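Bear in mind these aren't lab numbers, they're just calculated from the coordinates by the rules spelled out. Quick caveat, the model's predicted, so the values are computed rather than measured. A quick note on method: Cβ atoms are made from the backbone with ideal geometry, for glycine too, and the neighbour counts reach across all protein chains shown.
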Amino acid sequence: MKLISLNVGKPRLALYNGATINTSIFKEPVSGPVHLRKLNLDGDRQADLSVHGGPFKAVYAYPSEHYEFWRQELPGTALPWGKFGENFTSEGLSERELHIGDRLQIGTATIMVRQPRVPCYKLAAKFHRDDILARFLRSGKSGFYFSVELEGIVTAGDSFEFQSREPQAISIAEMNRLYVEEKYNRNLLEKAIATPALPEDWRDYFNKRLAGTVTVNH
């Protein structure tokens, strides 16, 4: 398990559907050691803190293995590392195998798996195509957000090492299924709500869904 590319970027203006937007989705690979702090990497900032950033979205990782899928889905589209706005382009980590609360070491930092990515319109602005949001969600290839449990130094090429795992907790892949395809799957909803490291906004969201299963079943 390895950090293939370390990508950072600060807010910049971009044009989308005739309007100017402020976005940090344009990330560029950097070499050398970078300090990973509680809310982001040095040299990286989130543009809209109402939906991006915060302690449970401090750093975003996207598996390098997914890039081949997108090359087939989007022929002719340039797909350099960082294209999906990720800070970490990873190798050997997957949505299926990562559970909320899993703790890993990267460089001298400790990070924890917290949630999948739900894309906003800025991904469409990056790709210049409105259909990318639905395609991204349907693919299940969401990538994952980490919180920073211990600040430290990370460098492209560093290995990811598990410090602890939470196999009873909901996985990123199961979260994606709940969000997109199985909105009222009671077993998965209960599993998510019972996951200690799940951020509270997700817990509230799933509690409302769980209440809805009663309505649906009657």
Using the per-residue mean of other Cβ atoms lying within 10 Å as a proxy for protection, in what order, highest first, do the peptides 102-113, 30-41 fall? 102-113, 30-41
If amide hydrogens are placed 1.01 Å from N in the peptide plane, which non-local residues have theirs closer than 5 Å to the one on Gly140? none
If you rank Asp204, Asp158 by fewest surrounding Cβ atoms within 10 Å, what's the result? Asp204, Asp158
Just how many pairs of Lys in the stretch 101-218 have C-alpha atoms closer than 22 Å, counting pairs that are eight or more places apart or on different chains? 7
Against the 2.2 N^0.38 Å scaling, with N counting residues, where does the chain land? I'd like the Cα-based Rg ratio to two decimal places. 1.01
Mean projection area, nm², convex hull over Cα of the stretch 150-218: 6.3
Which value at 222 nm does the chain reach when only helices count, each DSSP H run of 4 or more adding -39,500 (n - 2.57), with the total divided by all residues and rounded to the nearest 500 deg cm²/dmol? -7500 deg cm²/dmol
How large is the charge dipole for the chain, taken about the Cα centre, if only the Cβ atoms of Lys, Arg (+1) and Asp, Glu (-1) carry charge, to the nearest 20 debye? 480
What does the charge count near Leu6 come to, summing +1 for each Lys or Arg and -1 for each Asp or Glu among other residues with Cβ under 13 Å from its Cβ? -4
Placing each pseudo-label 7 Å from Cα in the direction of the beta carbon, Asn17 and Thr77 end up separated by a distance in nanometres of 1.7
Quick one: compute the contact order of the chain, relative version, from alpha carbon pairs under 8 angstrom and 6+ residues apart, as a percent. 25
If you rank Leu137, Leu98 by fewest surrounding Cβ atoms within 10 Å, what's the result? Leu137, Leu98
For the stretch 156-218, which trypsin sites (Lys or Arg not before Pro) are in a loop by DSSP, counting at most 16 other Cβ atoms within 10 Å? Arg165, Lys183
